[in-house]
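Have a look at the structure below before the remarks.
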Amino acid sequence: MKIEVIELRHIRMRLRAPFETSFGVELDRDCLILRVDSEGMTGWGECAAGSTPGYSYETTETAWHVLSEFFIPTILGRQVEEIEDYHRRLGAYKGHNLARAGLEMALWDLLAKVQGKSLAAILGGVVERVPVGVSIGIQQDHDVLVEVVSQYIEAGYRRVKIKIKPGRDVVEVESVRKSFPDLPLQVDANSAYTLEDVAVFKSLDDKQLLLIEQPLAEDDLIDHSRLQAHLQTPICLDESIISARHARQALEIDACRIVNIKSGRVGGLLEGLAVHDLCYEAGVPVWCGGMLETGIGRAANLALASLPGFTLPGDISASDRYYSEDIAEPRFTLNADSTIDVPTGAGLGVEVVSDALERVTLRREVYKL
Ligand code: NPQ
Ligand code: MG
């Protein structure tokens, strides 16, 4: 497949409600959308970098820079027959996993469409629907939090994750636990703590949490291993796992007992598969993380989460959890058993709606030879 045209867009989608984490509050979701054209076929990708370096050091601006100056030129006008070709072309370029993964997603969509197969089928998916949960941001106070949790339970979500940060942790978990004694519940600190906060995690350790996600710094596997030694509750790493190698090393030193897989964070679906395979062999449960994706990235998450090692519910909510209007169709809805159907159409299995995409576009650039 000769890559003829690549289109890059910076889009901004209004969130239905502000989303607060330990790294800040987001009212809008900024991200990049990529379109790759080849021999009459089109592939779509989404780069999860946001407006600020809060979750990761990457932003829409850094991703735009490395994509337009370095990543896009390595494949434009050239043949790409398989995903490995793309990674070989990027050669020695370091880092910028979210940018790398966004372009890779468009190539997966394109190459899967050429084969007439769904992305799930190509990745090795084994189920038609995947269990999902909801991720709830930090709320005004614990009463509001309990109210918001009950609304999502009412909407059909059977697993809840709440965001925590120093000073907004133990009371929050206790309040939710008191109201919902049997709710599958987990917390995500987005790296807001240090080992000096071990007492906080000891207080959370008897709250029947499924897991504690990314309590400490992203570049600190060692202290996660130290913290895990104090706890019964499994630590799950998100930000720290940027490759299959990091996953292997984290497991070797017992820095975590569960892994959150986000294709963006590990530089693409190919590396996400490698993390999955490694954990599957080791008997370590994985689940699919979320980055407030549009319908494009959400479709890719559902395909990935259909692999056999994804035994915990993913942060893959229905489209209406985050957005009133999406840029792709069909919208994803929650089934009564807290699952979402894995798309079956060729490629990602979604159609981008041009008017909707145009309405949210802030900047657009077309690259061709
Ligand atoms: C997490 N996601 O698991 C992430 C964090 C996150 C669903 O909890 C803009 C860019 C907004 C990146 C919000 C969920 C974001 C973002 C949250 C990442 O840690
Ligand atoms: Mg997380």
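A compact table of results
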| quantity | calculated |
| --- | --- |
| Under-5 Å amide H pairs with ARG129, H placed in peptide plane, nonlocal only | VAL342 |
| Within the chain, helix-based [θ] at 222 nm, where runs of 4 or more DSSP H residues each add -39,500 (n - 2.57), nearest 500 | -9500 deg cm²/dmol |
| Amide H contacts of LEU210 (H built 1.01 Å from N, under 5 Å, at least 5 apart or other chain) | LEU185, GLN186 |
| For peptides 66-76, 25-35, sequence by mean Cβ density within 10 Å, most packed first | 25-35, 66-76 |
| Global geometry of region 121-341, whether rounded, prolate or oblate, following the gyration tensor of its Cα atoms and the 1.5 cut on a/c | oblate |
| Region 228-250 versus region 1-42: alpha-carbon centroid distance in Å | 28 |
| Å² of accessible area per residue within region 106-179, as computed with a 1.4 Å probe and no ligands counted | 44 |
| Candidates GLU104, GLU128, GLU196: whichever shows maximal mean-square fluctuation once the chain is modelled as a Gaussian network with Cα springs under 10 Å | GLU196 |
| Only Lys, Arg (+1) and Asp, Glu (-1) charged, at Cβ; region 22-181 dipole about Cα centre in debye | 420 |
| Cα→Cβ-extended label distance, 7 Å offset, between ILE222 and ASP143, nm | 4.6 |
| Inter-label distance for ASP277 and ARG16, nm, one decimal - labels placed 7 Å from Cα along Cα-to-Cβ | 3.8 |
| Residues THR311 and VAL353, FRET efficiency given R0 of 25 Å [Cβ-Cβ distance, rounded to 0.05] | 0.15 |
| Per-residue HN-Hα couplings for region 126-140 [Karplus 6.51, -1.76, 1.60; θ = phi - 60°; Hz; x = Gly/Pro] | 10, 10, 8, 9, 10, x, 9, x, 10, 9, 10, x, 5, 9, 3 |
| Heavy-atom accessible area order for ASP219, ASP169, largest first, 1.4 Å probe | ASP219, ASP169 |
| Mean shadow area of the chain, taken as a quarter of the surface of its Cα convex hull (nm²) | 16.4 |
| P(r), alpha carbons of region 150-203 - 10 Å bins starting at zero, rounded % | 21, 52, 23, 4 |
| GNM top mover of GLY156, GLY45, GLY102 - the chain, alpha-carbon springs below 10 Å | GLY156 |
| Exposure ranking of ASP254, ASP85 by accessible area [1.4 Å probe, largest first] | ASP254, ASP85 |
| Rounded to 10°, Cα long-axis angle of helix 221-230 versus longest principal axis of the chain | 30 |
| Label-point separation in nm, GLN79 to PHE180, each point 7 Å along Cα→Cβ | 5.3 |
| Qualifying GluC sites (Glu not before Pro) for region 294-369 [loop in DSSP, other Cβ within 10 Å: at most 10] | none |
| Distance-filtered residues of region 1-38 - backbone nitrogen under 19 Å, label point 7 angstrom along HIS65 Cα→Cβ | 8-11, 30-33 |
| Efficiency of FRET between GLN151 and LYS2 - r from beta-carbon atoms, R0 56 angstrom, step 0.05 | 0.65 |
| Rounded tilt (10° steps) of 97-115 against the dominant C-alpha axis of the chain | 60 |
| Length gained when the stretch ILE122-ARG88 is fully extended (0.36 nm per residue, less Cα-Cα span) | 10.2 nm |
| Förster-model FRET efficiency, 22 Å R0, TYR57 and GLU365, C-beta, rounded to 0.05 | 0.45 |
| Ordering of 258-266, 88-96, 107-115 by packing [mean C-beta count within 10 Å, highest first] | 258-266, 107-115, 88-96 |
| Gaussian network model of the chain, Cα within-10 Å springs - most flexible of SER191, SER135, SER150 | SER150 |
| Given LYS113/LYS165; LYS117/LYS207; LYS202/LYS262; LYS2/LYS161, the pairs whose alpha carbons are separated by over 32 Å | LYS113/LYS165; LYS117/LYS207; LYS2/LYS161 |
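The values are calculated or read from the model by the stated rules, or taken from the named source; none is laboratory data. As the structure is a prediction and not an experimental result, all values here were calculated from the model. Note: ideal-geometry Cβ built from the backbone for every residue, glycine included; neighbour counts use all protein chains shown. Accessible surface is based on the protein model in full, side chains and every heavy atom, while ligands, DNA and RNA are left aside. Shrake-Rupley method; radii C 1.70, N 1.55, O 1.52, S 1.80 Å.
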